[in-house]
Amino acid sequence: MSKTRPPYPAEFREQIVELARAGRTPAELAREFGCSAQSVTNWIAQAAIDAGKPLPGKDGLSSAERDELARLRRENRRLQMERDILAKRLRGAPLPCGIETPAPSLAMRLDPRPLAFWRLMTP
């Protein structure tokens, strides 16, 4: 069985960090509040990074940067999926309704002139 639990509330973590800044050790706080000493140490390090003063050897992303990175990764996955869908349609893959679309010719894809121009040029 897994020993995972839901994340601690932000207010709880902030209070623990404040107590650590007041001079208490992570081990004392862990015993008193029922969380691991490593979690307390991680919260202290993350709070220092968020404040712009990372602890020595604890370089990392601030919480805002972490949130932005997660948002950009989600957006990137969505855009890649949309690109793949469009690429399949250009190759003549069947549409959801079962109708096959012809693959456009290379000239049509590279030439900026409208399709009507090519219809006029063909006999």
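The values are calculated or read from the model by the stated rules, or taken from the named source; none is laboratory data. Quick caveat: nothing in here was measured; it's all calculated off a predicted structure. Heads up, the Cβs are rebuilt from the backbone with ideal geometry, glycines too, and the neighbour counts pull from every protein chain shown.
Among the residues making up the stretch 63-89, those that are under 9 Å from the mean Cα position of the chain (by Cα) and either over 30 Å from W43 (Cβ atoms) or not charged (D, E, K, R) (or both) are L69, A70, L72, N76.
This table checks each residue for (1) outside any helix (DSSP H, G or I); (2) at pLDDT below 90; (3) out of contact with any His (no Cβ under 8 Å at 6 or more places or on another chain); (4) surrounded by 11 or more Cβ atoms within 10 Å (Cβ to Cβ).
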residue: I16; (1), (2), (3), (4): no, no, yes, yes
residue: A20; (1), (2), (3), (4): no, no, yes, yes
residue: G23; (1), (2), (3), (4): yes, no, yes, no
residue: T41; (1), (2), (3), (4): no, no, yes, yes
residue: R66; (1), (2), (3), (4): no, yes, yes, yes
residue: A70; (1), (2), (3), (4): no, no, yes, no
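Kindly indicate whether L29 is in contact with a Leu (Cβ under 7 Å, 6 or more places away or on another chain), in contact (Cβ under 8 Å) with a residue 12 or more places away in the chain and not in a helix (DSSP H, G or I). Considered against the rule, which asks whether it is in contact with a Leu (Cβ under 7 Å, 6 or more places away or on another chain), in contact (Cβ under 8 Å) with a residue 12 or more places away in the chain and not in a helix (DSSP H, G or I), L29 comes out as no. L55 fulfils the conditions (1) touching a Phe, Trp or Tyr at 6+ places or on another chain (Cβ under 6 Å); (2) of a type in the set (A, V, I, L, M, F, W, C); (3) part of a loop (DSSP other than H, G, I, E, B) except for a single criterion, (1). On the stretch given as the stretch 72-95, residues that are exposed (fewer than 12 other Cβ atoms within 10 Å of the Cβ), at pLDDT below 85 and basic (K, R) total 1.
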